[in-house]
1. When the helices in the chain are scored as -39500 (n - 2.57) per DSSP H run of 4 or longer and the sum is shared across all residues, what 222 nm value do you end up with, to the nearest 500 deg cm²/dmol?
2. Say the cut-off is 32 Å between C-alpha atoms; which of Lys57/Lys264; Lys158/Lys334; Lys140/Lys334; Lys61/Lys264; Lys140/Lys363; Lys73/Lys140 go over it?
3. Let me have the relative contact order for the chain, percent, based on Cα pairs under 8 Å that are six or more residues apart.
4. Please state, as a whole number in µm²/s, the translational diffusion coefficient that the Stokes-Einstein equation yields for the range 279-420 at 37 °C and 0.692 mPa s, with Rh defined as the Kirkwood radius across alpha carbon pairs.
5. With an 8 Å cut-off on Cα pairs and a minimum separation of 6 or more residues, tell me the relative contact order of the range 279-420 in percent.
6. Where in the range 208-316 are there chymotrypsin sites (Phe, Trp or Tyr not before Pro) that are in a DSSP coil and have at most 15 other Cβ atoms within 10 angstrom of their Cβ?
7. For Lys238, give me every one of the lysines with a C-alpha distance below 19 angstrom, ignoring sequence neighbours fewer than eight places off in its own chain.
8. Loop-only trypsin sites (Lys or Arg not before Pro) in the range 207-265, please: DSSP not H, G, I, E or B, and at most 16 other Cβ atoms within 10 Å.
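Throughout, read-outs are computed from the coordinates displayed, never taken from laboratory work. Values in this document were obtained by computation on a predicted structure and should not be read as measured data. Positions of Cβ are backbone-derived with ideal geometry, glycine not excepted, and every protein chain shown enters the neighbour counts.
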Amino acid sequence: MRLRAVGQLALLKGCSHPLTRVSYARRTLHAKATEFLQNNQPDWTESMHEVREAISKICSKYPDEYWLEKDNKHEFPQDLHRDMANDGWLGICMPQEYGGSELGISEATVMMQTISESGAGMAGASSVHMNIFGLEPVVKFGTTAQKERMLAPLIQGKEKPCFGVTEPNTGLDTLKLQSSARNMGDHYILNGSKIWTSTAQVANKILILVRTTPLDQVTKPTHGLSLFYTDLDRTAVKVTEIPKLGRSAVDSNVIFFENWKVPKEDLIGEEGNGFKIIMHGMNAERILVGGEALGLGYAALRRACIYAQERSVFGRPIGKNQGIQHPLADSWMKLEAARLMLYQAARMYDQGHSTGEYANAGKFLAAEAAFEACERAVLTHGGMGYAKEYHVERYLREAMLPRIAPISRELIYNYIGERVLGLAKSY
């Protein structure tokens, strides 16, 4: 069975919608940065271009004003999530037999970049982010019964998942997490807490990593961690939202759980192998977040260029001034350079490469280029860049997120220094 999304790709070949029209002929000039969701990247495959078209058509229904309202009201974008589910996109990387389309991370990254670039930013992307990589452990390590039970409702949009790994006292030091699960035979009892769990206010499922064997009883710190995908039982789990800088339409939370009964059937893979299992999705997540960051950067650049053309001071458009023009030109080059590396990482992932140098470096470069582009967009707007009605201040607030999550800049430096440069482990 093919997902509706795949069928829609073929239908879009003849689509006359102005936002989705595309030519696959060679073009000698790059599309203007002011063009909404342009689609002529020469390094993309036909499949990637088709995904860009289809997602652009959905996103064109949700202008910046929609996202400003969701940001101000702290409301989850249920409309976009529903449209993505109805058109079959929530299972873009999932197996066809469960309703997915089995496309690659390359196509998924195009999808996430396009959502973000439409003006939805990290809020729009985060509303479906967990669907793309989150249940990769279930796909790879789940039983047939688990896949049938867990994947189809996720793809159909009937269930919303969240992700519980990071803890208040351990942060990125995952191997020392303190949340525990006690094996009671036919079920486990979970106790502990997690932090920065996105979408837990609206989710009814959670993928959670906990320790089933105490750290002092294992031969390696990577042992003794177990992964569960289970109901978010709110009678045992307290969810508290964290007020934060940006991405207000998608909640972030602290969750605290005590004597939480989880069925043994919800254990993914073997007990004690959770860390190994969960690492299978990490490089994919870095690539996807990099794509979301790129989208923000291009959206900011688009608005800055349009404003620089339209805004006149002292009798001339401000875009004529090199003090405005050169920083924006610099941002376009940096975004494109980051894009090329990021999609190289995506191709390598789809080809089966397991190392993370390109995934980490691509995410890093995309996040840095996006943040700088968003900052420059605010500065290009001058005083109006500080006003919410021009949207670039929202972009700037959200552009901080991919610089610190899901992995910090410093840890990426460490990874490249040790794994690529062969230098000693740094402290």
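1. Only helices count here, giving -14000 deg cm²/dmol.
2. Where the Cα-Cα span goes over 32 Å, the pairs concerned are Lys57/Lys264; Lys158/Lys334; Lys140/Lys334; Lys61/Lys264; Lys73/Lys140.
3. On the way: 799 pairs, mean separation 66.0, N = 427.
Result for the chain is 15 percent.
4. 209
5. Relative contact order for the range 279-420 comes out at 33 percent.
6. Phe314
7. Lys160, Lys194, Lys205, Lys261
8. Listed in order of number, the matching sites are Arg234, Lys244.
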